[in-house]
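Asks: Here's a structure for you.
The values are calculated or read from the model by the stated rules, or taken from the named source; none is laboratory data. All figures in this text were calculated on a predicted structure; none of them were measured in a lab. Cβ atoms come from the backbone with ideal geometry, glycine included; neighbour counts cover every protein chain shown.
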There are 2 protein chains.
Amino acid sequence: MIDELSALKSIEERFHRASKGVELGIGDDAAAVKFHSGNLVLSTTDTQVEDVHFVKSQITPQQLARKAVAVSVSDVGAMGGVPRFILASVGFSRSEDKEFLDKLITGFINSEQEFGVDLIGGNLSSSEKLFIDITVLGEVESELMVKRSGANPGDSVYVSGTLGDSALGLKMLLNDQIRNKNEILIQKHLHPLPRLALGRELALKKIATSMIDISDGLLLDLERVTVNKGSGAKIELSKIPTSKEYDECIDQFTDNSYELAISGGEDYELLFTSPEERSEDIRKISRDLNIKITEIGKVTRDSNIDLINIDGKITTNKQRGFVHFNN
Amino acid sequence: MIDELSALKSIEERFHRASKGVELGIGDDAAAVKFHSGNLVLSTTDTQVEDVHFVKSQITPQQLARKAVAVSVSDVGAMGGVPRFILASVGFSRSEDKEFLDKLITGFINSEQEFGVDLIGGNLSSSEKLFIDITVLGEVESELMVKRSGANPGDSVYVSGTLGDSALGLKMLLNDQIRNKNEILIQKHLHPLPRLALGRELALKKIATSMIDISDGLLLDLERVTVNKGSGAKIELSKIPTSKEYDECIDQFTDNSYELAISGGEDYELLFTSPEERSEDIRKISRDLNIKITEIGKVTRDSNIDLINIDGKITTNKQRGFVHFNN
């Protein structure tokens, strides 16, 4: 069990330092920060709940803290913005101790460096199950912000990286029957890499007409970037990028080798749309940042998501008009 | 049990509307908002966890949502700032249903109006116990911000309203033995009134040298406003303002009639310090806003909190060097 007083002391000691833009950090009624004049302030919040989003025995406190931050800053990156500050609300259960807290703090400090953010505040409570709620504050120039809603019929649909690895890694993590667990896939689940530099670059060069980070699987998130305009998309399954590890291991779990790549979730890759004439710019960014970017289809005028199989057969997913509370 | 898809639909429908400063509200990866140029952005987060901060049978969903917002905006008020936007992270247990969600949303909408804020985002998860985590974003002019750390020896110590009512109300709420429950005290607990207008006025007129909202009891929060400078305070117990209802009911619970007034918590009254020469300005604000403001003692040069009893006896509370994670 964690004693609040000593927990707060640890936090105060380990986080208190001068940082750019932080007028007032941890320790007052509220934190006070500065953003660049004229910029929009981006905010988003995401929660990791024990036994809902993670199993405590399968992830270290450092990994957990880092992942909670990673998936939240990912949302700011998907707007073309820059994450700046985080607030962490943590509910500790009776089974967490001082050592756990110290490791959690280490995870937060590591992610401050990795993602260029400062932890400026938060809250500690008791809770039956451990939870971590991260709010990220970021910023973006008004004219550069990339919404979910800007896709136009005819735009190409792109994704970064490879899809399905995280979902497959999770299956391996949770299934004791699997003998040859693939560590690369498991790492993709425990240690996701938000595409901050890519999101920013696509915004700075005004390449993306719409963008989202894939957190609930390609198909669902594809709906989200097209649903606002009544448009849809035609996706070629054969173009969906998967990793060597995914290709090697997927057969153990499902007969449909695309299943986890199109609906697995937690990829945190960027899904974006862009006019065809920007394809050369996208190839350049891909080379410069050394990030694989793949065109997987086109935005269409009707409101269906059509999946074209290798044999040319089309499966249509009706739009479900999905809305996201936020972020 | 709440179905996420329909929950999100309800939220989208009930919150989506144009609002000042909100460039992009619920429904994208992150919300995008504007603050007044040059202002500091204030942020703070606070969590209400079932069976830790509230018992579900004792509070309506509307009251719960409102209270979660009220205690969070209170922190922004205590900086002299203006709350503008909120993000709500809610963890629903299996026992919440659509009706509960609708009432919770009603509570959020009511508090948007009451506190002048817009709900711009949030997150829904499952959870074993219900929790609500509210992040508030507000703003304050850099030169007007009131920190906890500005108290000077010789300053007078003031509190708004009356203290101990909420803690006494909570005792009544939880104790089935009490026959004559006092509804006014219970309301003080379920429906706290953050002193936003007062905090703002004290900042605008540069009256307060330090300020905090009393959430953990007068004594603890008194430490927080003096601890940074090695100063302390001398408080006259007889001056501590209590309500008629408190005075009538407190004897049922304790022999020390000041106990809950000095350490009960959840008052959300403002505790602030100010040079003696501003006392007339404070009386004027008290009249103008119709809020009782009471001088209860002085800031001293040594680092003790001295409580002067009615018979002149002094009890000394050693500073515990308490730090607050934030907010």
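Asks: Among the residues of the range B:142-154, are any within 14 Å of another protein chain (Cβ to nearest Cβ), in contact with a Gly (Cβ under 8 Å, 6 or more places away or on another chain), among the acidic types (Asp, Glu) and within 30 Å of residue B:285 (Cβ to Cβ)? Even if it seems obvious, please write down each step before you answer.
Replies: Step one: filter the range B:142-154 for residues within 14 Å of another protein chain (Cβ to nearest Cβ), giving B:142-151.
Then keep just the ones that are in contact with a Gly (Cβ under 8 Å, 6 or more places away or on another chain); that gives B:142, B:144-146, B:148.
Narrowing further to those that are among the acidic types (Asp, Glu): none.
No, the conditions are met nowhere in the range B:142-154.
Asks: Before we move on, is residue B:229 modelled with pLDDT of 95 or more, of a type in the set (D, E, K, R) and either in the same structural domain as residue B:299 (by TED's automatic domain parsing) or over 14 Å from the mean Cα position of the chain (by Cα) (or both)?
Replies: When the stated conditions are applied, residue B:229 does not pass them.
Asks: Select from the range B:193-202 the residues that are of a type in the set (A, V, I, L, M) and over 15 Å from residue A:30 (Cα atoms) and list them in ascending order. Break it down stepwise before answering.
Replies: At the first step, the residues of the range B:193-202 found to be of a type in the set (A, V, I, L, M) are B:193, B:196-198, B:202.
Listed by number, the residues that qualify are B:193, B:197, B:198, B:202.
Asks: Only residues that are basic (Lys, Arg) and either free of Cβ contacts under 8 Å to residues at least 40 places away in the same chain or outside the structural domain of residue B:185 (by TED's automatic domain parsing) (or both): list them for the range B:232-258, please.
Replies: Passing the criteria: only B:244.
Asks: Could you look through the range B:18-41, keep only residues that are touching a residue at least 40 places away in the same chain (Cβ under 8 Å) and either of a type in the set (S, T, N, Q) or not assigned by TED's automatic domain parsing to the domain that holds residue B:76 (or both), and pick out the one that is nearest to residue A:149 (Cα to Cα)?
Replies: B:19
Asks: Let me ask something else about it. Sort out which residues of the range B:199-237 are touching a Phe, Trp or Tyr at 6+ places or on another chain (Cβ under 9 Å) and hydrophobic (A, V, I, L, M, F, W, C), and write them in order of number.
Replies: B:202, B:207, B:208, B:211, B:212, B:214, B:220, B:225, B:227, B:237
Asks: State which residue is nearest to residue A:223 (Cα to Cα) when the search covers only the range A:295-316 and only residues that are of a type in the set (Val, Ile, Thr) and surrounded by fewer than 17 Cβ atoms within 10 Å (Cβ to Cβ).
Replies: A:316
Asks: Name the single residue that is farthest from the chain's Cα centre (by Cα) among those in the range A:178-191 being closer than 16 Å to residue A:242 by Cβ and touching a residue at least 60 places away in the same chain (Cβ under 8 Å).
Replies: So the residue we want is A:182.
Asks: Within the range B:175-198, is there a residue that is farther than 27 Å from residue A:23 by Cα and within 14 Å of another protein chain (Cβ to nearest Cβ)? Spell out the reasoning first.
Replies: So the first thing to find is which residues in the range B:175-198 are farther than 27 Å from residue A:23 by Cα, and the list is B:175-193.
Next, only the ones that are within 14 Å of another protein chain (Cβ to nearest Cβ) stay: none.
The answer is no; no qualifying residue exists.
Asks: To continue, here is another question. If the Cβ limit is 6 Å and pairs must be 6+ apart or interchain, which residue in the range B:96-123 that is under 20 Å from residue A:44 (Cβ atoms) pairs with which residue that is surrounded by fewer than 16 Cβ atoms within 10 Å (Cβ to Cβ) and basic (Lys, Arg)?
Replies: B:105/B:14
Asks: Restricting attention to the range B:1-54, which residues are in contact with a strand residue (DSSP E or B) (Cβ under 7 Å, 6 or more places away or on another chain) and small (Gly, Ala, Ser)?
Replies: Those that are in contact with a strand residue (DSSP E or B) (Cβ under 7 Å, 6 or more places away or on another chain) and small (Gly, Ala, Ser): B:7, B:19, B:21, B:25, B:30, B:31, B:32, B:43.
Asks: So which residues in the range B:116-133 are assigned to a strand (DSSP E or B) and within 9 Å of chain A (Cβ to nearest Cβ), if there are any at all?
Replies: B:120, B:121, B:122, B:123, B:124, B:125, B:126, B:131, B:133
Asks: Filter the range A:70-83 for residues that are surrounded by 24 or more Cβ atoms within 10 Å (Cβ to Cβ) and either in a strand (DSSP E or B) or touching a Pro at 6+ places or on another chain (Cβ under 7 Å) (or both) and give the result. Step through it out loud before you land on a result.
Replies: First, pick out the residues of the range A:70-83 that are surrounded by 24 or more Cβ atoms within 10 Å (Cβ to Cβ): A:72-81, A:83.
Result: A:73, A:74, A:76, A:77, A:83.
Asks: A further question follows. Select from the range B:84-95 the residues that are closer than 16 Å to residue B:59 by Cβ and surrounded by fewer than 21 Cβ atoms within 10 Å (Cβ to Cβ) and write down the one among them that is nearest to the other protein chains (Cβ to nearest Cβ).
Replies: Per the stated criteria, the residue is B:93.
Asks: Quick check on the range A:70-80: of everything there that is more than 7 Å from chain B (Cβ to nearest Cβ) and out of contact with any Phe, Trp or Tyr (no Cβ under 8 Å at 6 or more places or on another chain), which residue is nearest to residue B:123 (Cα to Cα)?
Replies: The selected residue is A:72.
Asks: A follow-up question, please. Given B:9, B:20, which one is surrounded by fewer than 21 Cβ atoms within 10 Å (Cβ to Cβ), more than 7 Å from chain A (Cβ to nearest Cβ) and among the basic types (Lys, Arg)?
Replies: B:20
Asks: Taking the stated definitions as given, is residue A:105 among the hydrophobic types (A, V, I, L, M, F, W, C) and either surrounded by 24 or more Cβ atoms within 10 Å (Cβ to Cβ) or more than 14 Å from chain B (Cβ to nearest Cβ) (or both)?
Replies: It is false that residue A:105 is among the hydrophobic types (A, V, I, L, M, F, W, C) and either surrounded by 24 or more Cβ atoms within 10 Å (Cβ to Cβ) or more than 14 Å from chain B (Cβ to nearest Cβ) (or both).
Asks: Can you tell me which residue in the range A:25-37 is surrounded by the most Cβ atoms within 10 Å (Cβ to Cβ), limited to those that are at the interface with another protein chain (Cβ under 7 Å from one of its Cβ atoms) and either polar (S, T, N, Q) or under 28 Å from the mean Cα position of the chain (by Cα) (or both)? So that I can check it myself, show each step before the final result.
Replies: Of all residues in the range A:25-37, those at the interface with another protein chain (Cβ under 7 Å from one of its Cβ atoms) come to A:26-35, A:37.
Now drop any that are not either polar (S, T, N, Q) or under 28 Å from the mean Cα position of the chain (by Cα) (or both), which leaves A:26, A:30-35, A:37.
Working: A:26: 23, A:30: 32, A:31: 29, A:32: 27, A:33: 23, A:34: 15, A:35: 21, A:37: 7.
Per the criteria, the residue is A:30.
Asks: Restrict the check to the range A:49-69 and report whether at least one residue is within 11 Å of chain B (Cβ to nearest Cβ), in a strand (DSSP E or B) and not acidic (Asp, Glu).
Replies: yes
Asks: Before we move on, is residue B:77 touching a helix residue (DSSP H, G or I) at 6+ places or on another chain (Cβ under 8 Å) and farther than 19 Å from residue B:7 by Cβ? If you could, list the steps in order and put the result at the bottom.
Replies: Values: touching a helix residue (DSSP H, G or I) at 6+ places or on another chain (Cβ under 8 Å): yes; farther than 19 Å from residue B:7 by Cβ: yes.
Against the criterion (touching a helix residue (DSSP H, G or I) at 6+ places or on another chain (Cβ under 8 Å) and farther than 19 Å from residue B:7 by Cβ), residue B:77 qualifies.
Asks: Can you name the condition, by its number, that residue A:40 falls short on among (1) in contact with a helix residue (DSSP H, G or I) (Cβ under 7 Å, 6 or more places away or on another chain); (2) within 11 Å of chain B (Cβ to nearest Cβ); (3) within 30 Å of residue B:210 (Cα to Cα)?
Replies: For residue A:40, the exception is condition (3).
Asks: Further, regarding this structure: Starting from residues that are touching a strand residue (DSSP E or B) at 6+ places or on another chain (Cβ under 9 Å) and not in a loop (DSSP other than H, G, I, E, B), keep the ones in the range B:138-180 and report whichever is surrounded by the fewest Cβ atoms within 10 Å (Cβ to Cβ).
Replies: Looking at the filtered set, the residue picked out is B:156.
Asks: Would you be able to tell me the number of residues in the range A:46-59 that are farther than 20 Å from residue A:264 by Cβ and in contact with a helix residue (DSSP H, G or I) (Cβ under 7 Å, 6 or more places away or on another chain)?
Replies: 1
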